[in-house]
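Data first, discussion second: the structure below is written as structure tokens.
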Amino acid sequence: MTSLMVKFDAAVTEAKQLKVKLSDAEMLRLYGLFKQVTVGDVNIDRSSIVDDTGKTKWDAWEKEKGKSEEDAIKGYIKFVEELKEKYGS
């Protein structure tokens, strides 16, 4: 899994270097996958979050619930590749 983590780390860097402002939906998808990779299944209650942005981010993370770390990594890498194709790197 080490080489997969290297690819994931590279994809995180590439996502930050995209020359366009991503849509909210694209940002939320990246966020949800990132949290699933780095933390695992959502581990806080949605009701404990008081701001709308926090709830939206929680919802994005919750959508990835149940994905294995490996599947979340592959999903993140694939999505970054799609964004690079769409917007250029």
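Values quoted throughout were computed directly from the atomic coordinates according to the rules given, and no laboratory measurement underlies them. Predicted model, so just to flag it, every value in this text is computed and none were measured. Here Cβ is always computed from backbone atoms with ideal geometry, including for glycine, and neighbour counts include all displayed protein chains.
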Checklist outcome for this item: At 37 °C in a medium of viscosity 0.692 mPa s, the chain has a Stokes-Einstein diffusion coefficient, with Rh taken as the Kirkwood radius over alpha carbon pairs, in µm² per second, of 244
Checklist entry - Pick from 57, 21, 78: which residue has the top mean-square fluctuation in a GNM of the chain where Cα pairs under 10 Å get a spring? => result 21
Checklist entry - Given springs between every Cα pair under 10 Å in a Gaussian network model of the chain, which of 51, 71, 59 has the largest fluctuation? => result 51
Checklist outcome for this item: Net charge (Lys, Arg +1; Asp, Glu -1) of residues whose beta-carbon lies under 12 Å from that of residue 61, residue 61 excluded, is +4
Checklist entry - With the chain treated as a Gaussian network of Cα nodes joined by springs under 10 Å, which of 53, 13, 38 yields the largest mean-square fluctuation? => result 53
